[in-house]
Amino acid sequence: MDIQLISNASFLRGAIDPRLFSSFLEHMGRVVYTGVYEPGHISADKDGFRNDVLAAVRQMGVTAVRYPGGNFVSNYRWQDGVGPTALRPRKLELAWRSVETNAFGLNEFMLWVKKANALAVLTVNLGTQGIDNALSLLEYCNLDQNTQFSELRRSHGVTAPYQVKTWCLGNEMDGLWQIGHKTPQEYGRLAAETGRAMKRMDPSIELIACGSSKSDMATYPSWDLEVLEHVYGIADYLALHQYYGGQEMGTAGFLAQSLDMETYIATIRSAIQVIQKKTRSNQPMYLSLDEWGVWAKPENAIGRAFERHPWQVAPVIDEQTYTMEDSLLFASMMMAILKNADVVKIACQALLTNISACIMTEPGGDIWLQPIYYVFSLIAQHAKGRVLQTVDMRMPYYACDAFAQVPMLDHVETLREDGREAVCYVVNRSETETASLSWKLEQLHPQAIEAFTVLTASDKNMTNHENHQAIVPQDGKGARLEQDVCKAEIPPLSFAMIRVALQP
Ligand code: AHR
């Protein structure tokens, strides 16, 4: 299968915001407790944070972390999670029908995220709470006045304000499952008024309003259009969430779902343009894909015990084991985000540990890394600078039920700011055929192949569950430069990255 691509130094797409490589920590199942926080664990530091997990998070290249939810936030009182631990209440947590001990709260998260070398993205509760609560949290985090919540923070031993820049106005408020679910008009009004008041308190912040929770919501995209009308000029981003399952469709249909993600982003990009004109605004607005991931097959996800046995502390919920096939869709979703880097500025892979996660932890034991961890870290570590506008000169396609034309090879290319490196990321969707790739780097002056890295497996259903080293990045073979054309053989059902050194 021959594939020919041409990139040219003069044709560039969006600048890559480092926050495209963000993740998400929610009080859900074992994400926090025994995920990142496990006092008494052999690797725990003095604050109870697992150092094995912290090291893996830093290595993964996570740049920002959204917290504390997710559905959890819509019934959360942030005040329950600050101050002396012994005085914090044990609460019934309704999103996951768990018991929340509040041993880990805002200040623990802020300390943890600093140790992870990442920024914080905080979500305010617009489910059971509203403007007043968002303002008190913002004052606690960002203000340095001698007033109630700044003083409360100081009394908790945190003298300097955190200066959290990015705030989500609620979570998935279009979902009937959301505690405090709202109509687009109810939510749009509340988000606009909350946002206006928050910016009055701290004009340096930026705000993310809730768009659709997934592309198959019955209310999509009318929800987005109506919410945008209320928040345009107040919020800086519209949030989209997306998880794909559908493994039962078979590989061709399953892997093609990243095309749905591309359409989803394109549709909301247009919605933003329409509402910008309608509101006569000069301000741009961007997208935050602040929850995205693959949902593994039910038999590959243990948990949901909370439905049968509610009110446990840190129950096992949706602990998914990713196959090689899942990891390819994950890669294509991440590449869809990158292709739209001009409009998508924040993207949070969800979740960081144990649930639809890159990093799995055994309570009292070791960690292991899912194959999606390697996809994320390879892209996060090398996709810097700008996206190259690449043209498909030769591309075979296939058809499946939902899409008439699916490129056999999914790809995106990036150019580092200093002009010294171009990188091509690819997913070969073919189950049987190797892709013979010719990538022409026009006016980019390629000098040498720096790395050709491949993630693949002998069986598409292979996971890292039993053998933690089953799927790890390997050096690919036979990549070469022929003048300004990079050539490489991309194995069937693989993700690959080719890094080429350039003479700027
Ligand atoms: O699995 C994480 C959950 O998925 C989040 O709480 C929610 O926002 C989404 O529906």
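The values are calculated or read from the model by the stated rules, or taken from the named source; none is laboratory data. Bear in mind the structure is a predicted one, so any value in this text is a computation, not a measurement. Heads up, the Cβs are rebuilt from the backbone with ideal geometry, glycines too, and the neighbour counts pull from every protein chain shown.
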Quick check: is even one residue across the range 251-268 away from the ligand (no atom under 16 Å from the Cβ), over 23 Å from CYS400 (Cβ atoms) and surrounded by 20 or more Cβ atoms within 10 Å (Cβ to Cβ)? yes
Of the numbered conditions (1) in contact with an Asp or Glu (Cβ under 7 Å, 6 or more places away or on another chain); (2) of a type outside the set (Lys, Arg); (3) farther than 16 Å from THR463 by Cβ, SER377 fails exactly one; give the number of that condition. (1)
Lone qualifier among ASP17, ASP47 - being surrounded by fewer than 23 Cβ atoms within 10 Å (Cβ to Cβ), farther than 30 Å from LEU441 by Cα and away from the ligand (no atom under 16 Å from the Cβ): ASP47
Filter pass, GLU193 being more than 16 Å from the ligand (Cβ to nearest atom), at pLDDT 95 or above, in a helix (DSSP H, G or I) and touching an Asp or Glu at 6+ places or on another chain (Cβ under 9 Å): no
For the range 283-293, does any single residue satisfy the condition of being touching a helix residue (DSSP H, G or I) at 6+ places or on another chain (Cβ under 9 Å), at pLDDT 95 or above and within 23 Å of GLU93 (Cβ to Cβ)? yes
Which condition number in (1) touching a residue at least 60 places away in the same chain (Cβ under 8 Å); (2) under 21 Å from LEU228 (Cα atoms) is the one that PRO184 fails? (1)
In the range 343-369, which residue that is more than 16 Å from the ligand (Cβ to nearest atom) and out of contact with any helix residue (DSSP H, G or I) (no Cβ under 9 Å at 6 or more places or on another chain) is nearest to LEU388 (Cα to Cα)? TRP368
Checking LEU369 against (1) farther than 23 Å from ASP484 by Cβ; (2) touching a residue at least 12 places away in the same chain (Cβ under 8 Å); (3) surrounded by fewer than 20 Cβ atoms within 10 Å (Cβ to Cβ): exactly one of these is not met. Which one? (3)
Quick test of your reading of the structure: MET395 fulfils all but one of (1) surrounded by fewer than 22 Cβ atoms within 10 Å (Cβ to Cβ); (2) of a type in the set (A, V, I, L, M); (3) farther than 18 Å from LYS339 by Cα. Name the failing condition by number. (3)
Is it the case that some residue within the range 135-148 is acidic (Asp, Glu) and assigned to a loop (DSSP other than H, G, I, E, B)? yes
Can you tell me which residue within the range 23-34, out of those that are part of a loop (DSSP other than H, G, I, E, B) and within 13 Å of the ligand (Cβ to nearest atom), is surrounded by the fewest Cβ atoms within 10 Å (Cβ to Cβ)? ARG30
When (1) outside any helix (DSSP H, G or I); (2) within 16 Å of the ligand (Cβ to nearest atom) are applied to ALA160, the one that fails is (2)
Find the residue count for the range 203-241, including only residues that are of a type outside the set (A, V, I, L, M, F, W, C), surrounded by 23 or more Cβ atoms within 10 Å (Cβ to Cβ) and not in a helix (DSSP H, G or I). 5
Check every one of the strands (runs of 3 or more DSSP E) wholly within the range 59-125 and list those with 2 or more residues that are away from the ligand (no atom under 16 Å from the Cβ) and modelled with pLDDT of 95 or more. 91-93, 119-124
Looking at TYR232, TYR244 in this structure, which one is more than 16 Å from the ligand (Cβ to nearest atom) and among the hydroxyl-bearing types (Ser, Thr, Tyr)? TYR232
What number of residues within the range 304-316 satisfy the criterion of being in a loop (DSSP other than H, G, I, E, B) and at pLDDT below 70? 1
Quickly run through the range 249-269 and pick out the residues that are β-branched (Val, Ile, Thr) and closer than 10 Å to SER215 by Cβ. THR263, ILE265, THR267, ILE268
Report every pair of residues separated by at least 6 positions or lying on different chains whose Cβ atoms are under 7 Å apart, first residue within the range 297-308 and in the same structural domain as GLU100 (by TED's automatic domain parsing), second in a helix (DSSP H, G or I) and modelled with pLDDT of 70 or more. LYS297/GLN247
For residues that are buried (at least 24 other Cβ atoms within 10 Å of the Cβ) and within 16 Å of the ligand (Cβ to nearest atom), scanning just the range 321-332, find the one that is nearest to ILE208 (Cα to Cα). PHE330
The range 454-480, subset part of a strand (DSSP E or B) and among the charged types (D, E, K, R), residue nearest to the chain's Cα centre (by Cα): ASP475
Within the range 348-370, the count of residues that are aliphatic (A, V, I, L, M), part of a loop (DSSP other than H, G, I, E, B) and touching a Phe, Trp or Tyr at 6+ places or on another chain (Cβ under 9 Å) comes to 4
Report whether or not TYR187 is assigned to a helix (DSSP H, G or I) and in contact with a Lys or Arg (Cβ under 6 Å, 6 or more places away or on another chain). no
Qualifying positions in the range 91-118 - more than 18 Å from TYR37 (Cβ to Cβ) and buried (at least 19 other Cβ atoms within 10 Å of the Cβ): ALA95
It is to be established whether one or more residues within the range 294-301 are surrounded by fewer than 22 Cβ atoms within 10 Å (Cβ to Cβ), part of a strand (DSSP E or B) and at pLDDT 95 or above. no
